[in-house]
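Just so it is clear, none of the values below were taken in a lab; they were calculated from the coordinates. Just so we're clear, the structure is a prediction, and the values are computed from it rather than from any experiment. Positions of Cβ are backbone-derived with ideal geometry, glycine not excepted, and every protein chain shown enters the neighbour counts.
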Amino acid sequence: MIQKSEIRSQKSEAVIAALLVALAVALVFAAPVFAQNGEPTDDEVNAVAKQLYCPVCENTPLDVCPTQACAQWRATIKEKLIAGWSEQQIKDYFVQQYGERVLAQPSTRGLNVLVWVLPPIGFLIGAAALAYYLQQLRNPAPSVVAAPASAPPTDDDDDYEKRLEEELAKRR
Amino acid sequence: MNNETMNNETMVVVESQTPIQNQKPKVLLGWAAAWIVLIALLGLVAVKLYQVTLGPVSSGSAPDFTLTTFDGETIALGSQRGKVVVVNFWASWCNPCKDEAADLEAFWRQYKDRGVVMVGVDYVDTETEARAYLAQFDITYPNGPDLGTRISQAYRIKGVPETYIIDKNGNLVTNIIGPTTLADLAAIVEPLLK
């Protein structure tokens, strides 16, 4: 037989569980609501900024660049996001303003195509060269003219053996 | 297939055209192509490195350019023949540029009616800050962004500020790396106006 206090306890547990579920659901939907209602978050700005490089620093992505100029560019990204620009539109704007060197991922136009094409070609050439080398090691090509099994000794061989014998005799 | 010929002293193996021998020209061709590509790439890298080591242009015909100012006016260097042109590269984030800003404006006000054209080229900047900078220093000579860094690349600038002075014939007289002053500019430009 279930007592009243047990029933009350089960009810309060169910209420707490329901509240926790509601809180979890609210948290899940809270973040996008903040981003849509207010300004873009730093994460949203940096998501675009990390695809761009500082035009005046050496090899520094825009999202981690500490200079005043980079702060200005991140502010520009924020302005464009507020204006409803897409990531691609913002990147195109930066390319138009500062040149293609701002792109973290080079385009496939002009000489930039080499950046995309050369590494796989180099890898394939290397792999082919390695395969050829290994094949040569396993199956050495037969020599066109094979040396006789027992070639007659030449004068040079005689001289060499003679000198070798002399040297050995000296050392004994 | 092998044809073997033997005599008492030597054994000579004479081979007919084997598949390996047939492949030799192809392999050689492949290696030649690989070397040509490699040499071409090294050449390309060498040219780029050479360009990097070159300093800013300092003599000869000034690289031509067209600049659209923040006010929408278009200025072509080529159409300024007969005038002395002062081209100043700057940016709002550049602190040394602020040191020379007042002098540049003073120079412009002093020489604008004497056949001098002054052009400010805003190097990798944001328009909002650039306009604020122009307002802060009350700069009235034409200024515009260096779109795609084409002008700064043509002049091979190493930073900002840099100032280039071009004579009436379109030849580069000199460049000033770093901040300049009214007196320095006047000393260079005055003889060119005679």
Q. If the limit is 20 Å between Cα atoms, which of B:112/B:158; A:50/B:158; B:158/B:194; B:112/B:168 go over it?
A. B:112/B:158; A:50/B:158; B:158/B:194
Q: Would you please give the FRET efficiency between residue A:57 and residue A:109, computed as 1/(1 + (r/R0)^6) with r the Cβ-Cβ distance and R0 = 30 Å, to the nearest 0.05?
A: 0.80
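What does the convex hull of the Cα atoms of segment A:40-132 come to per residue, in Å³, rounded to a whole number? Spell out each step's value before the answer.
Values: hull volume 11.2 nm³, N = 93.
Output value, Cα hull per residue: 120 Å³.
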Q) Each label point is 7 Å from the Cα along the Cα-to-Cβ direction; what then is the distance between the points at residue B:158 and residue A:133, in nm? A) 4.3
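Please label the shape of chain B as rounded, prolate or oblate, based on the square roots a ≥ b ≥ c of the eigenvalues of the alpha-carbon gyration tensor (a/c under 1.5 means rounded; beyond that, a/b larger than b/c means prolate, else oblate). Provide the component values of the computation, followed by the final result.
On the way: a/c = 4.55, a/b = 3.64, b/c = 1.25.
Prolate is the answer for chain B, as a/c is 1.5 or above and a/b outweighs b/c.
Across chain B, where is the longest run that never hits GluC sites (Glu not before Pro) in a DSSP loop with at most 15 other C-beta atoms within 10 Å?
Details: sites that count: B:9, B:73.
Looking at chain B, B:74-194 is the longest stretch - no exposed GluC sites (Glu not before Pro) with at most 15 other Cβ atoms within 10 Å.
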Q.
Can you find, among B:132, B:172, B:74, the residue sitting farthest towards the positive end of the charge dipole of segment B:66-192, where Lys and Arg contribute +1 and Asp and Glu -1 at Cβ?
A. B:172
Q. Using the 10 angstrom Cβ neighbour count as an exposure proxy, how do B:138, B:125 rank, fewest first?
A. B:138, B:125
**Q.** residue B:168-residue B:70 pseudo-label distance in nm [points 7 Å out on the Cα-to-Cβ vector]
**A.** 3.3
**Q.** DSSP H segments from chain B that extend 20 Å or more along their own axis, Cα-based, with Kyte-Doolittle mean of -0.5 or above
**A.** B:19-53
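If you filter segment A:36-145 for trypsin sites (Lys or Arg not before Pro), then keep DSSP loop positions with at most 16 other Cβ within 10 Å, what is left?
Details: sites: A:50, A:74, A:78, A:80, A:91, A:101, A:109, A:138; in loops: A:50, A:109.
For trypsin sites (Lys or Arg not before Pro) across segment A:36-145 that sit outside H, G, I, E and B with at most 16 neighbouring Cβ atoms in 10 Å, the list reads A:50, A:109.
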Q. Counting partner chain Cβ atoms within 10 Å of every residue's Cβ in A:72-79, what's the average?
A. 3
Q.
Run the simple label-point estimate for residue A:68 and residue B:112 please: 7 Å along Cα→C-beta, distance reported in nm.
A. 2.6
Q.
Defining a contact as two alpha carbons under 8 Å apart and six or more residues distant in sequence, what relative contact order in percent does chain B show?
A. 25
Q | GluC sites (Glu not before Pro) restricted to segment A:39-137 and DSSP loop, no more than 12 other C-beta within 10 Å | A | A:58
